[in-house]
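Heads up: the structure comes next, in structure tokens.
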Amino acid sequence: QGPTGVAGATAATVATSETTTSTAYTDLATVGPTVTVNVPASGAVLVTITSNAANSNAGKLVRVGFAMSGNNSASAVDTRALLWTSGGATDPFQGSATFYVSGLTAGSTTFTLKYKTSANTATFLNRSLIVIPLP
């Protein structure tokens, strides 16, 4: 029998279809999803992003990243984002990406999904965020 894991995995979903033309990470009309977790003494969490995404033009990028606030603060960045390039105009993609995030300060931290496109209009729906504190 192994050691007891850290409690406090948290998840949230926003199903609403919303768009952006922003080429910098931004909120959609319905912000998030957003979850708040207690980062453990290990300073490590797993963050899983899931979204359906499409771009109004072929060959354009859509990105879903996450920002942190509270005991830890960071902007959304491409190195921790779900990335997709549209094969055709409005060609949808549903996928997930999981990131191991370490070196955090223990305590309450809020994670919020952020969105951007390389050009044109990006559409996002069925967006979810899961954050799992690690021992």
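Hey, can you tell me all the residues within region 61-94 that are at pLDDT 95 or above and either of a type outside the set (A, V, I, L, M) or on the phi > 0 side of the Ramachandran plot (or both)?
Passing the criteria: ARG63, GLY65, PHE66, SER69, GLY70, ASN71, ASN72, SER73, SER75, ASP78, THR79, ARG80.
Mind listing whichever residues of region 55-91 are without any contact (Cβ under 8 Å) to a residue 12 or more places away in the chain and either of a type in the set (Lys, Arg) or in a loop (DSSP other than H, G, I, E, B) (or both)?
SER73
Suppose the filter is modelled with pLDDT of 95 or more, basic (Lys, Arg) and over 19 Å from ALA11 (Cα atoms); does LYS116 pass it?
It is true that LYS116 is modelled with pLDDT of 95 or more, basic (Lys, Arg) and over 19 Å from ALA11 (Cα atoms).
Which ones in region 108-130 are open to solvent by 10 Å² or more (accessible area, probe 1.4 Å) and either of a type in the set (Gly, Ala, Ser) or on the phi < 0 side of the Ramachandran plot (or both)?
SER108, THR110, THR112, LYS114, LYS116, SER118, ALA119, THR121, THR123, LEU125, SER128, ILE130
Would you point out the residue of region 26-54, among those that are open to solvent by 40 Å² or more (accessible area, probe 1.4 Å) and in a strand (DSSP E or B), that is farthest from ALA12 (Cα to Cα)?
My answer is THR26.
Residue by residue through region 62-82, note down the ones that are over 12 Å from the mean Cα position of the chain (by Cα) and under 23 Å from ALA15 (Cβ atoms).
VAL62
Among all residue pairs at least 6 apart or on different chains, which show Cβ distances below 6 Å where the first residue, located in region 27-49, is under 11 Å from SER108 (Cα atoms) and the second is at pLDDT below 95 and among the aliphatic types (A, V, I, L, M)?
As it stands, the answer is PRO40/VAL6, since those pairs meet every condition given.
The values are calculated or read from the model by the stated rules, or taken from the named source; none is laboratory data. Every value quoted in this text rests on a predicted model; they were computed, and no experiment measured them. Cβ coordinates were reconstructed from backbone atoms using ideal geometry, including for glycine residues, and neighbour counts include every protein chain displayed. What goes into the accessible areas is simple: the full protein's heavy atoms, side chains included, and nothing from ligands, DNA or RNA. Shrake-Rupley method; radii C 1.70, N 1.55, O 1.52, S 1.80 Å.
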